[in-house]
Amino acid sequence: MSSSLSSSPFSPYYHIIFTAFAFFVSGLLFILSRKSNSKKLKLPPGPPGYPVVGNLFQVARSGKPFFQYIRELIPKYGPIMTLKMGTRTMIIVSGADLAYEALIEKGQIFATRPRENPTRTIFSCDKFTVNAAYSGPVWRSLRRNMVQNMLSAARIREFRNARDLAMDKLIERLRDEAAANNGAVWVLKNARFAVFCILLTMCFGVEMDEETIERVDQMMKAVLIVLDPRLDDFLPILSPFFSKQRKRVQQVRKQQIQTLVPLIEKRRIAIRNPNSDESAASFSYLDTLFDLKIEGRNSSPTNTELTSNVHTNPSMAKRKGKRTTDTMMSPTGSSTSTPAVPPEILLSPTSECDEEMIIVEGKTEVRVSLPTSLAQILGKNQDNQVEEGRPEAEP
């Protein structure tokens, strides 16, 4: 079939013709659906869009992050607005009072979830996760388990040993890196690694070497990248153009299962045989999922479902990282900023950065002070400053 298309005189224009045909069919369906609706929904105001695609291309061509684009529309359209994103209609609510009214006071009305795109359905194991399940018995069971058995103050205190071990690893990495680089260390990279170690222990409860931690980190980055919204998520009729991306999704899902299932089984063995692994934590989020009872279901979650739930645990939840830089600190007080990852990459939890960013002439700059405790770790003078004239941080 591919050879016949390549020999056809229309082959150079194949994608253009197919796109035009897709938009024609979409427009026809849009017109028919408009005529079939006897009652038109009264939606909040919003920017005017185009037929079929709505505001999709306006958002995409703005060159701005989505939330920044929304913030600039609030003064014109108010705290509640409508965006038409292809076949999806989004109602944007801004302001704490409105969010409280919608999610708390009228929570039952807005409790359900919108339709997931095919990629997210695959990684949520057909909506068997707390952040994807429809409002019903599955969601109630998963949420109750997470709130009572994972997010309570007593459970948080139980992970103190994991935090201590992560800090010991951080100090060791900083010392080794400082010795190898004449006293200079990468700040964010090592801090992220320490936080990620804590999160992995909370979720799996088994000890991992640095190679395993890095492998899990790379896998999570791959998942975040394929979860990035695509054009066919909003215009499903264009899905034939994204067959390569769908194949990549299946590959990453397989990689996710192959990476996490051995850790799940290792934790299962540690629970069944308490003396088999002395390094295992006394409790982990996995422990609450192994024999979890779901309303209306007789079986416990499978390993495939466990991989989805562990990955969407609040502590391990997917996040879009900021476009940021990492900073190498030297004992003389100088700092060098370089891109931590390409800006188009979605960062993993190990790459999340909340530092204040200062935009100077279109370039991103990160200002960080060297804490006294870090100076002590490196065996340097506590009076060294990262930035000239900036007050020293408290230990």
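In the set (1) touching a residue at least 12 places away in the same chain (Cβ under 8 Å); (2) surrounded by fewer than 14 Cβ atoms within 10 Å (Cβ to Cβ); (3) of a type in the set (D, E, K, R), R248 fails one condition alone, (2).
Any idea how many residues of the stretch 197-239 are in a helix (DSSP H, G or I) and of a type in the set (D, E)? I'd like the intermediate steps shown before the answer.
The first filter runs over the stretch 197-239 and keeps only residues in a helix (DSSP H, G or I), leaving 197-204, 210-226, 231-234, 236-239.
From the residues that got through so far, the ones that are of a type in the set (D, E) too are 210-211, 214, 217, 232-233.
Count: 6.
Among the residues of this structure, E177 does not count as one that is among the charged types (D, E, K, R), in a loop (DSSP other than H, G, I, E, B) and on the phi < 0 side of the Ramachandran plot. Of the residues A179, A184, the single one that is hydrophobic (A, V, I, L, M, F, W, C), out of contact with any Asp or Glu (no Cβ under 7 Å at 6 or more places or on another chain), without any contact (Cβ under 8 Å) to a residue 40 or more places away in the chain and more than 22 Å from E265 (Cβ to Cβ) is A179.
In the stretch 222-233, the residue that is farthest from F196 (Cα to Cα) out of those that are of a type outside the set (A, V, I, L, M) and surrounded by fewer than 19 Cβ atoms within 10 Å (Cβ to Cβ) is P229. Output the residues belonging to the stretch 73-114 that are among the hydroxyl-bearing types (S, T, Y), farther than 27 Å from D126 by Cβ and under 23 Å from the mean Cα position of the chain (by Cα). Result: S94, single match.
Taken over the stretch 286-301, the criterion of being more than 16 Å from I269 (Cβ to Cβ) and either of a type in the set (A, V, I, L, M) or buried (at least 18 other Cβ atoms within 10 Å of the Cβ) (or both) is satisfied by L292, I294, P301. Can you report the number of residues in the stretch 101-119 which are within 18 Å of Q250 (Cβ to Cβ), in contact (Cβ under 8 Å) with a residue 24 or more places away in the chain and surrounded by fewer than 18 Cβ atoms within 10 Å (Cβ to Cβ)? Final tally of qualifying residues: 2.
Is it the case, given these coordinates, that N161 is surrounded by fewer than 14 Cβ atoms within 10 Å (Cβ to Cβ), outside any helix (DSSP H, G or I) and either on the phi > 0 side of the Ramachandran plot or not β-branched (V, I, T) (or both)? Considered against the rule, which asks whether it is surrounded by fewer than 14 Cβ atoms within 10 Å (Cβ to Cβ), outside any helix (DSSP H, G or I) and either on the phi > 0 side of the Ramachandran plot or not β-branched (V, I, T) (or both), N161 comes out as no.
Residue check: is I70 β-branched (V, I, T), in a helix (DSSP H, G or I) and within 24 Å of the chain's Cα centre (by Cα)? If you could, list the steps in order and put the result at the bottom.
Values: β-branched (V, I, T): yes; in a helix (DSSP H, G or I): yes; within 24 Å of the chain's Cα centre (by Cα): yes.
Here the answer is yes, as I70 does meet what is asked.
Starting from residues that are hydrophobic (A, V, I, L, M, F, W, C) and in contact with a helix residue (DSSP H, G or I) (Cβ under 9 Å, 6 or more places away or on another chain), keep the ones in the stretch 251-275 and report whichever is surrounded by the most Cβ atoms within 10 Å (Cβ to Cβ).
First, the residues of the stretch 251-275 that are hydrophobic (A, V, I, L, M, F, W, C): 252, 257, 260-261, 263-264, 269-271.
The next check asks that each one be in contact with a helix residue (DSSP H, G or I) (Cβ under 9 Å, 6 or more places away or on another chain); those that pass are 252, 257, 260-261, 263-264, 271.
On the way: V252: 21, I257: 17, L260: 23, V261: 14, L263: 21, I264: 20, I271: 17.
Residue satisfying both the conditions and the ranking: L260.
Among residues of the stretch 53-70 that are in the same structural domain as K84 (by TED's automatic domain parsing) and under 9 Å from G86 (Cα atoms), those with a beta-carbon under 9 Å from a residue that is in a loop (DSSP other than H, G, I, E, B) and aliphatic (A, V, I, L, M) at least six positions away or on a different chain give the pairs V53/L235; L56/L235. State whether the residues of the stretch 140-154 include one that is over 24 Å from D287 (Cα atoms), in a helix (DSSP H, G or I), modelled with pLDDT of 85 or more and not assigned by TED's automatic domain parsing to the domain that holds V249. For the stretch 140-154, residues over 24 Å from D287 (Cα atoms), in a helix (DSSP H, G or I), modelled with pLDDT of 85 or more and not assigned by TED's automatic domain parsing to the domain that holds V249: absent.
Report yes if T129 is surrounded by 18 or more Cβ atoms within 10 Å (Cβ to Cβ) and either in the same structural domain as R248 (by TED's automatic domain parsing) or polar (S, T, N, Q) (or both), otherwise no. Considered against the rule, which asks whether it is surrounded by 18 or more Cβ atoms within 10 Å (Cβ to Cβ) and either in the same structural domain as R248 (by TED's automatic domain parsing) or polar (S, T, N, Q) (or both), T129 comes out as yes. Note on the stretch 44-59: among residues that are under 21 Å from L231 (Cβ atoms) and surrounded by fewer than 16 Cβ atoms within 10 Å (Cβ to Cβ), the one that is modelled with the highest pLDDT is P48.
Residue pairs whose Cβ atoms lie under 9 Å apart, separated by 6 or more positions or on different chains, with the first residue in the stretch 256-267 and in contact (Cβ under 8 Å) with a residue 12 or more places away in the chain and the second assigned to a helix (DSSP H, G or I) and among the basic types (K, R), are T259/R215.
The values are calculated or read from the model by the stated rules, or taken from the named source; none is laboratory data. This structure is a prediction, so every number in the text was calculated from the model and none was measured. Glycine gets a Cβ as well: all are built from the backbone with ideal geometry, and neighbour counts include every protein chain shown.
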